[in-house]
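Written out below as structure tokens is the structure these notes cover.
The values are calculated or read from the model by the stated rules, or taken from the named source; none is laboratory data. Since the model is a prediction, treat every value here as computed from it, not as a measurement. Don't worry about glycine lacking a Cβ; one is built from the backbone with ideal geometry, like all the others, and counts go over all protein chains shown. To get the accessible areas, we keep the full protein, side chains included, count just its heavy atoms, and leave off ligands, DNA and RNA. Shrake-Rupley method; radii C 1.70, N 1.55, O 1.52, S 1.80 Å.
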Amino acid sequence: TAPAGLVLVNIRPAVAHDEAGQATAVRDLAPKLDSLVQVFRTCDFEGVVEYAVALTGEHPFKVSTLLDPPRLVIDFAQ
């Protein structure tokens, strides 16, 4: 399915690599979900990490955080 919508997730301050420059976070994903086509990192530079979320169309979404371990949650409506 070709993407019809795109959401950019900009996280700062953040890094997705170690001091040697090796990636410490996933570069891209191909989830097997109806509304998500692909998720890929577009930036990891000077304290900014950004991911693009390609969707099958316009989908409402809700953003929240969870603790233990800390994480960002983006819930896209089906």
Task: Average Cα contact separation per residue, the chain, under 8 Å, 6 or more apart, as relative contact order % - done: 32 percent
Task: Debye, to nearest 20: dipole size of the range 1-59, +1 on Lys, Arg Cβ, -1 on Asp, Glu Cβ - done: 140 debye
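Rank by packing, highest mean first: peptides 23-32, 65-74, with packing defined as the count of other Cβ atoms within 10 Å averaged across residues.
The packing order, highest mean first, is 23-32, 65-74.
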Task: Residue-span extension gain [ALA23 to THR65] - 0.36 nm each, minus C-alpha spacing - done: 12.8 nm
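At 1.4 Å probe size, with every protein chain present, just tell me what the per residue accessible area of the chain comes to in Å².
73 Å²
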